[in-house]
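Please treat every number below as a calculation from the coordinates, not as lab data. Owing to the predicted nature of the structure, the values given are computational and were not obtained by experimental measurement. Counting neighbours? That spans all protein chains shown, and the Cβs are built from the backbone with ideal geometry, glycine included.
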Amino acid sequence: MYDINVQMMDLKTTKVKETVTCNEDGSYTIFLNTRFTQEQLNDAYIHALNHIIRADFEHTSSVNTIEAYAHGLQK
């Protein structure tokens, strides 16, 4: 089971739909960018959940590596 907080906020960009933070207490916070549609945010939320479930943040701290792995560009 995961302790996940979700925050909706204007991230001042249309390049990032969501971002995930691993908190000091082991919980996670998913920030969803309000500049996107509900459908896009649903997809972004699922994308973020998959990062948490796969424990991507425990394997590397590089965002580029995490995203390459998530999109099948790296094994």
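At Y45 and T13, where each label point lies 7 Å from the Cα along Cα→Cβ, what is the point-to-point distance in nanometres? That separation, rounded to one decimal, is 2.3 nm. Amide H contacts for V6 (H built 1.01 Å from N in the peptide plane; partners 5 or more residues away or on another chain; cut-off under 5 Å): I30. Take each peptide in 10-23, 28-41, count the other Cβ atoms within 10 Å of every residue, and average; sorted highest first, the result is 28-41, 10-23.
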